[in-house]
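Heads up: the structure comes next, in structure tokens.
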Amino acid sequence: MDSLVVEGLGKCYSLAGESEQTVQRSLWQRLRSPFGGRANVEKGRDFWALRDASFRVEPGTVLGVIGPNGAGKSTLLQILARVITPTTGRVVGQGRVVSLLELGAGFDPDLSARENILMNAAILGVTRSEAQRRIPEILAFAEVEQFEASPLKHYSSGMYLRLAFSVVINMNPRILLADEILAVGDAAFQERCQQKVAELAREGLTVLFVSHDMDAILRICNRVIWLHSGKVRREGDPEEVVDDYQNAIWSQHDIASSERGRRSNRFAEILAVRLVSATGKDLGGAPSSEDVFVKVRIRTTKSKLLLRCAMDLSTKGQLIFRATDEHVRELPEAGDYEALAKIPRNLLAEQPYVVNISCTFRRADETKEYPLVIYNALSFLAYATQAAGAPSSGRLQRLGFIAPQLEWIVQKEAGIGV
Amino acid sequence: MASSGPDGVVSATGARQIRHEKWTIEPVRVGLLARAREFWRYRRILWFFASRRIKERYESTTLGMFWLFARPLLPIVLSSAIFGLMLGIKSDGVPYFLFFLTGSSCWRLFERSVIAATRSLEQSRGLIKKVYFPRLVAPIASVAPSFIEFAIMVGLTLVVGGFYYYRDGDSHLRLGFLVLLAPVAAGLAILLALAVGFWTSVFQVRHRDVQLSLRYVLQFWLYATPVIYAHTAIPERFRFLASLNPMTGVVELYKWSLLGVGDFPGRALVPSIAITLTIFVTGAAFFNRAESAAVDRL
């Protein structure tokens, strides 16, 4: 008996710009098909985030879901979490579905841990008495017993994460949906999470784990599906699928059509943008204590090109900085190039970041510039690797957009001044 | 873990007892009745949502309690001074201030609820995009703050009644079991507000114009409802027309049950209830069908 059966699942978004969609027009559409979907209107502008995905999962499987940005991974999880409704296909499952998709989703920062547990229990359909009974267990696993009465806004992001995990895992779930979050946090807690997941999987818990972090996928999954452009491209043994996937990433264009911007012109093309570690491994999140690199893969078809790269780093819609290569680089012959921008350790805060990439080309004998720009080329979460301590004094939201480690000098005044 | 022993036993036996419910996710929309049953299962989260809405309204205001009273009271004092004292509008023999206070408490309950329900999907955006719950919860929970305000107005009404009793020896308030019809009227006002809100909240997601125009519409709607003036001031030949406004019957019922002047407003109430129920049911059906497309755009 499968715990989850996905058949021909698809999700279609209409890409009609909000601005073009005037009241008149949409009223007219409504009159023509008062309750009908939008799929039948404006056919040419539809975008399938997920298309015809089918797979089955047996109880006890920890299924890794991998694929480039825009492949439909989050769409799949959102459908399974019932946050969005599919356009086609269906999912049949059994038992309670819980999700761990964003730090503190479903948490009210003004309520205490105890109240938040009760609220989440209500959302998950757990009876009040059962939830009451589980509270000590949940607090203990999250190691926040001393802070059970303080509002969550005083929690550190590590505590938030531990509580979130502890809540969903203790609600007797049959299916757990998780993304990168399962692989962030301090090492000790990660270890315990993964143990707990493995333990529950033996009792029949099914886990869908979406990640860009191939190490984490290999460590905890016993099956993997690879999504590409909204379709299941391969599924099977983790090692084989991950191997194939990693080989494929660098040899083809994987920047999904959903991303805005200009990806190619007459003589150059941006093939891929990735977050990699110092050893060149793909990363899903950025550990703040290590250097990470934004790697851009470029293919050129003409010789004698000049290139200048730049990246924008933003979080929560705020541009944090634009970093432009100080040099104009010469690309003497046609071929594949890679550009790496190092984000030094101890710079990023525990925030979700978004990277825009721009590569401006110029032919050696022309003055006209040809920029290629990819918006949202990369999105990742930065996380602290050391154990989180006592509650921070401010709101989680006030942690700041970056958290650089500055050099402090504290010394006794010499009397003369510095 | 230290607690793994007893813990393990509980979950092992628990797992055997719990039947894992089978579920299906399909593009097919859930029928209204099935949705209502689902809503009932999720009813507990209504309280969390409602209290959240109430907190949002008054937290980080230094004068929280003051606003609670001032917000509804000041406009009423001002309006009744203009309409009652300066314009001398007739109020069925009841002091104008009391007359206007009762009428507008019922009206404000409706008005605030419509506005809150209209913004509800937008306002719960963060949660709606992340966790699942029947979306009907959002508009329904959003009317909670207006309920608090209404309770305060009821308290004020009693105080004002007490004042008139002290001054004139007549509180002008009805004492008797027919007062129990006032909560019925309040219930109808909420029902109508939700009925309208089911439509407007969905449209609001696509067209921000809804919220802007709503304020105008409500303004006109107020003038079409016997709040400032008495129902008896409407010429006989327009009475039927006035009763097509569902709020007419509701406000009349509320005033009649509290003030006890005039006749039972049966003629206005019948169309009012019929229209309210019609909009409510069709609105809920519309919300149920259009909500998922709206959430995609949220």
Cα centre as origin, Lys/Arg/Asp/Glu Cβ charges: the stretch A:259-383 dipole, Debye: 320
Long-range HN-HN contacts of A:H228 with modeled amide H, under 5 Å: A:R233
DSSP bridge orientation in the stretch A:4-247 - percent antiparallel, rounded to nearest 5: 55
Alpha-carbon centroids, the stretch B:196-246 and the stretch B:150-187: separation in whole Å: 25
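With +1 assigned to the C-beta of every Lys and Arg and -1 to the C-beta of every Asp and Glu, and no other charges, what is the dipole magnitude of chain B about the Cα centre in debye, to the nearest 20?
Its charge dipole is roughly 940 debye.
Using a Förster radius of 41 Å, what is the FRET efficiency between A:K368 and A:E145 based on their Cβ-Cβ separation? Nearest 0.05, please.
0.05
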Order by protection proxy (mean Cβ within 10 Å, highest first), peptides A:204-216, A:54-66: A:204-216, A:54-66
Residues A:R345, B:R43 arranged by fewest to most Cβ contacts within 10 Å: B:R43, A:R345
Taking A:K196, A:K73 and counting other C-beta atoms within 10 Å, the order from fewest to most: A:K196, A:K73
Cα pair count fraction exceeding 31 Å, expressed as % - the stretch B:31-297: 29
All-pairs Cα distance distribution in the protein assembly as shown, expressed in whole percent, bin size 20 Å: 15, 40, 30, 13, 2, 0
Dipole-positive endmost among B:W67, B:V143, B:V160 within chain B (Cβ charges, Cα centre): B:V143
Three-way shape label, the stretch A:4-247, alpha-carbon gyration tensor, a/c 1.5: oblate
Tensor-based shape of the stretch A:259-383 (alpha-carbon gyration tensor, a/c under 1.5 rounded, otherwise prolate or oblate): prolate
Efficiency of FRET between A:K281 and B:I148 - r from beta-carbon atoms, R0 35 angstrom, step 0.05: 0.05
Residue-averaged beta-carbon neighbours from other chains (10 angstrom radius) around B:33-42: 1
Taking B:H20, A:H228 and counting other C-beta atoms within 10 Å, the order from fewest to most: B:H20, A:H228
Potential extension, B:Q211-B:R297 segment - 0.36 nm per residue separation minus Cα distance: 29.3 nm
For chain B, built as a Gaussian network whose Cα springs stay under 10 Å, the top-fluctuating residue of B:Q204, B:Q123, B:Q219: B:Q219
FRET efficiency, 1/(1 + (r/R0)^6) with R0 56 Å, evaluated for B:L32 and B:L87 via beta carbons: 0.75
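Give me the inter-chain shielding for A:83-95: mean count of other chain Cβ atoms within 10 Å, whole number please.
So the per-residue partner count for this stretch is 5.
Bear in mind these aren't lab numbers, they're just calculated from the coordinates by the rules spelled out. This one's a predicted model, so the numbers in the text were calculated from it and none came from an experiment. In this analysis, Cβ positions are derived from the backbone assuming ideal geometry, glycine residues included, and neighbour counts consider all displayed protein chains.
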